[in-house]
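The values are calculated or read from the model by the stated rules, or taken from the named source; none is laboratory data. Being a predicted model, the structure only gives us computed values, none of them experimental. Neighbour counts run over all protein chains shown; Cβ positions are idealised from the backbone, glycine included.
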Ligand SMILES: NC(=O)c1ccc[n+]([C@@H]2O[C@H](COP(=O)([O-])OP(=O)(O)OC[C@H]3O[C@@H](n4cnc5c(N)ncnc54)[C@H](O)[C@@H]3O)[C@@H](O)[C@H]2O)c1
């Protein structure tokens, strides 16, 4: 390819959101080169990247905890921009073993920030989560970007730590940064450890679904394709040093999302198995996304019904093709 306009280092591009991002932007921006670095943990699947043969895409297996591997990647590809997805991302795993969450999510992010600063990267876009704001009461107003960070799980604490570091590299060193904080994503390519994927896959296989506590915890659901559009808008139009909330605008109790999935898969409520609640389980997350609408002209497009239907269809196809292989 010709000299690219940008060389974007994408971390964690073999994961759920990263692969959806690459599949969208690699064809959309033929003048950018995308360098995907991923350690290929249990959560990764390179088969989810459908643009692997594109001339403006390259994959490097590297761990963001490994500074010398990162330096080598920098020397080879000279990234001009970073979009940082790579993380340990599952709350339950962070309760079972918090340390790797600090190593990857905090120290790994600091490794990238340091190289970005030293090499004059033009934009560092950090992908974060609504979980850094902590839990809301049922009647509390939704959280805007000025709310304090009050994380409750080792996962959200490690993501909040990374958010603070990103902010500090902007304030102290003048690094051009943007942070997006999204609500719970769902859609194709998600690992089956996460609620919607696990439930669809169990229901389609005739198994029960484990619902924490009473199922009353409230989550806001964002279709991954809408998240990608928000990331792309924030990357190109977001102001340096700013944070943008990206939420689906659909708050539902876990029991209600479960009932929707039961309906879509033709199962009934006897398929629900109530299990002991997660430790420190946050009651409710809800994002105020007016800033993203105002400054990025972003709002989610996909209705929950449509997104869930598509996700169930994706799963049915995947189960059939897995059976054949
Ligand atoms: N899934 C959600 O609902 C959600 C919501 C908001 C924000 N986020 C954030 O979005 C990002 C992506 O989430 P996801 O759901 O796609 O996660 P995922 O677990 O599906 O993917 C994470 C990817 O990062 C890679 N990775 C992990 N540790 C690494 C390391 N040390 N070095 C290099 N690569 C490593 C994994 O191999 C994997 O490909 C994360 O930062 C997460 O905190 C996720």
Point to revise | Residues (within 23 Å of residue 168 (Cβ to Cβ) and assigned to a strand (DSSP E or B)) located in the range 220-265 | key: 242, 243, 244, 245, 246
Review point. How about the range 124-148: which of its residues are under 20 Å from residue 185 (Cβ atoms), within 14 Å of the ligand (Cβ to nearest atom) and touching a helix residue (DSSP H, G or I) at 6+ places or on another chain (Cβ under 8 Å)?
Key: 125, 126, 127, 128, 129, 131, 132, 143
Check your understanding: If only one of 171, 216 is modelled with pLDDT of 95 or more and surrounded by fewer than 22 Cβ atoms within 10 Å (Cβ to Cβ), which one is it?
Key -> 171
Review point. Do you know which of the residues in the range 67-106 that are part of a loop (DSSP other than H, G, I, E, B) and within 12 Å of the ligand (Cβ to nearest atom) is farthest from residue 31 (Cα to Cα)?
Key: 90
Point to revise | Subset of the range 51-66 (residues that are touching a residue at least 40 places away in the same chain (Cβ under 8 Å) and either more than 14 Å from the ligand (Cβ to nearest atom) or closer than 26 Å to residue 236 by Cα (or both)) | key: 55, 56, 59, 64
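Among the residues of the range 193-203, is any more than 16 Å from the ligand (Cβ to nearest atom) and either farther than 21 Å from residue 285 by Cβ or in contact with a helix residue (DSSP H, G or I) (Cβ under 8 Å, 6 or more places away or on another chain) (or both)? Show your work before the answer.
In the first step, residues of the range 193-203 are kept if they are more than 16 Å from the ligand (Cβ to nearest atom); the result is 202-203.
Add one more test, that the residue is either farther than 21 Å from residue 285 by Cβ or in contact with a helix residue (DSSP H, G or I) (Cβ under 8 Å, 6 or more places away or on another chain) (or both), and what stays is 202-203.
Looking for residues that are more than 16 Å from the ligand (Cβ to nearest atom) and either farther than 21 Å from residue 285 by Cβ or in contact with a helix residue (DSSP H, G or I) (Cβ under 8 Å, 6 or more places away or on another chain) (or both), one finds at least one in the range 193-203, hence yes.
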Check your understanding: Going by the conditions given, is residue 24 surrounded by 15 or more Cβ atoms within 10 Å (Cβ to Cβ), farther than 18 Å from residue 194 by Cβ, modelled with pLDDT of 95 or more and out of contact with any strand residue (DSSP E or B) (no Cβ under 6 Å at 6 or more places or on another chain)?
Key -> yes
Exercise for review: Kindly provide the set of residues from the range 32-50 that are part of a loop (DSSP other than H, G, I, E, B), more than 6 Å from the ligand (Cβ to nearest atom) and buried (at least 21 other Cβ atoms within 10 Å of the Cβ), ordered by number.
Suggested key: 49
Check your understanding: Which of the residues that make up the range 22-31 are outside any loop (DSSP other than H, G, I, E, B) and either more than 16 Å from the chain's Cα centre (by Cα) or within 8 Å of the ligand (Cβ to nearest atom) (or both)?
Key -> 26, 27, 28
Check your understanding: Within the bounds of the range 289-304, is there any residue that is modelled with pLDDT of 95 or more, in a helix (DSSP H, G or I) and more than 30 Å from residue 177 (Cβ to Cβ)?
Key -> yes
Exercise for review: Name the residue, out of 78, 128, 119, that is modelled with pLDDT of 95 or more, surrounded by fewer than 16 Cβ atoms within 10 Å (Cβ to Cβ) and in contact with a strand residue (DSSP E or B) (Cβ under 7 Å, 6 or more places away or on another chain).
Suggested key: 78
Exercise for review: Quick one: which strands (runs of 3 or more DSSP E) lie wholly within the range 150-219 and hold at least 1 residues that are more than 21 Å from residue 247 (Cα to Cα)?
Suggested key: 209-212
